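In what follows, a structure is listed as structure tokens, so that the remarks can point back to it.
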């Protein structure tokens, strides 16, 4: 935190913890899984021996999977609590659900890329942040389910035909590569290399965003916060 | 007093020896010769009592009969043979019917040499032979020699000890690739992309290779959903059920020989993978070009300022020297200074 700046708390400790767990378990799984998928490539051997063989890598992979899915389940409970007990609004500027503005923002962003307009005035969650959030749901559903099926193949075989183990392996591998590719090329760009945040947007770890930064990065939200009296205008 | 007379038999004192002393000496002498003669004759004798290696132990020993394909080596590596499980067996235990009447030391001309080899193996390994005999491989061998015989899988002179259940991953992998895979190339190429073989290739020895599922001599034609297959899987997957065995080991990479559902899933997810990544990367790229242009703009302005700064420094030094000249003209004390220093064009310097 720099002295003499005003900050707005954007993420609670729970948000930060849950992102941290997701991040570390994702990296752990992404470093132990692919060597098995690409076992005949030269780098896979080296990477496997780094982990101490298939057995150890498999162990790490499963521990990571366990924490990741745990993180996800806790998040579902968190959502349920907020929606059912706290009666949080499901749609609106504070919601992570997609709404019409996201499409307009996307169009605005593309226009801005080609100098055809101003940068859109974003609300609390930009569309790419929402996309990353929902991608986790899809990823956990696909990779998690198929992963558990492969983890306990004979149990799977008791409920469905063994051919679904072949299917599970296809899904597990393809979706994992998709997730890794997305994180590397899109998520890391948005949170590290964008001009507004270079070399890194620390908000997901500190929870706090400088108000001055908010003002130009998420202008619509800034205006709303000022309107609602949550922050003092600069 | 001499109690004992040489040559007296039995000796006095009641001690009975088996043979009279003269005979004992002879026995000893003969025994010594028997024990040491082979040793004196060198290790060659111990390894090769039949003397086959005198000719076949020479690395350059080739078949003298002219052959359009070039000479065939008849060399047998004595060290490697010695290290094999049969290192203590005489050559003739396998090469039956060989006689040392060179040059025609041929086999029983009526019999195929490979058939002799099977019979030899059978004579000492009847159980394995019985298992083999019932297999499809044996049937195929007797039909038209297409199936493997003992030596196709085990080799001949360098057969190693089998470590059932403790085979290394390398052994399992090379067995699949070089032994079974030699004849079942397509099956190996397909199975290669499945978990068990990937794990083996990374050194995970508990994973299954061909013979863990198909047996090595019984040569089981497994079918999904059959009791036999369940039994094979249960060796390592205790909870295996019939349903489990519908897992397919031998699908090709594009899943063309699979149930259409597998192929559909495969096509859907590979398409999804490509489309999503392409869209994501394209979006990021156009974002990047915008920002690159912005950065270049800033860089340009920065460079402009840098040039301005350099020019300002230059001007400042000119001004300083002018001031110095003015000072010397006033006092006239500085000897080397002044003179006709070219006048700087201030206008031009401050223009841009």
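For the stretch A:138-147, what are the residues that are in contact (Cβ under 8 Å) with a residue 60 or more places away in the chain and either over 13 Å from the mean Cα position of the chain (by Cα) or closer than 17 Å to residue A:15 by Cα (or both)?
As a first pass, look at the stretch A:138-147 and keep what is in contact (Cβ under 8 Å) with a residue 60 or more places away in the chain: A:140, A:144, A:147.
Selection gives A:144, A:147.
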Can you tell me which residue within the stretch A:150-193, out of those that are facing chain B (nearest Cβ under 8 Å) and in a loop (DSSP other than H, G, I, E, B), is surrounded by the most Cβ atoms within 10 Å (Cβ to Cβ)?
A:162
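Within the stretch A:69-82, is even one residue within 14 Å of chain B (Cβ to nearest Cβ) and either modelled with pLDDT under 95 or closer than 29 Å to residue A:134 by Cβ (or both)?
No, because not a single residue in the stretch A:69-82 is within 14 Å of chain B (Cβ to nearest Cβ) and either modelled with pLDDT under 95 or closer than 29 Å to residue A:134 by Cβ (or both).
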Filter the stretch B:225-256 for residues that are more than 29 Å from the chain's Cα centre (by Cα) and assigned to a loop (DSSP other than H, G, I, E, B); the one that is nearest to residue A:169 (Cα to Cα) is B:256
Checking the structure you have, find out if any residue of the stretch A:42-62 is touching a residue at least 60 places away in the same chain (Cβ under 8 Å), more than 14 Å from chain B (Cβ to nearest Cβ) and surrounded by fewer than 17 Cβ atoms within 10 Å (Cβ to Cβ).
yes
Only residues that are free of Cβ contacts under 8 Å to residues at least 12 places away in the same chain and loosely packed, with under 15 Cβ neighbours inside 10 Å: list them for the stretch A:194-212, please.
A:195, A:198, A:199, A:200, A:202
Condition (residue is free of Cβ contacts under 8 Å to residues at least 24 places away in the same chain and either in the same structural domain as residue B:195 (by TED's automatic domain parsing) or within 22 Å of residue A:131 (Cα to Cα) (or both)) applied to the stretch B:305-316: is it met by at least one residue?
no
Return a yes/no flag: does the stretch A:3-15 have any residue that is within 23 Å of residue B:193 (Cβ to Cβ), away from chain B (no Cβ under 14 Å) and touching a residue at least 40 places away in the same chain (Cβ under 8 Å).
no
Selection from the stretch A:213-229 of residues surrounded by fewer than 17 Cβ atoms within 10 Å (Cβ to Cβ) and either touching a residue at least 24 places away in the same chain (Cβ under 8 Å) or on the phi > 0 side of the Ramachandran plot (or both) yields A:219, A:220, A:223, A:224, A:229
One residue from A:129, A:123 being surrounded by fewer than 20 Cβ atoms within 10 Å (Cβ to Cβ), within 30 Å of residue A:219 (Cβ to Cβ), at pLDDT below 95 and within 24 Å of the chain's Cα centre (by Cα)
A:129
Given (1) within 12 Å of chain A (Cβ to nearest Cβ); (2) under 24 Å from residue A:51 (Cβ atoms), number of the condition residue B:168 does not satisfy
(1)
Which listed residue is within 14 Å of another protein chain (Cβ to nearest Cβ) and in a helix (DSSP H, G or I), from B:279, B:318
B:279
From the list B:211, B:188, which residue is within 13 Å of chain A (Cβ to nearest Cβ) and assigned to a helix (DSSP H, G or I)?
B:188
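The values are calculated or read from the model by the stated rules, or taken from the named source; none is laboratory data. Just so it is clear, the structure is predicted and the values come from calculations on it, not from any experiment. Every residue, glycine among them, receives a Cβ derived from its backbone with ideal geometry; neighbour counts consider all protein chains shown.
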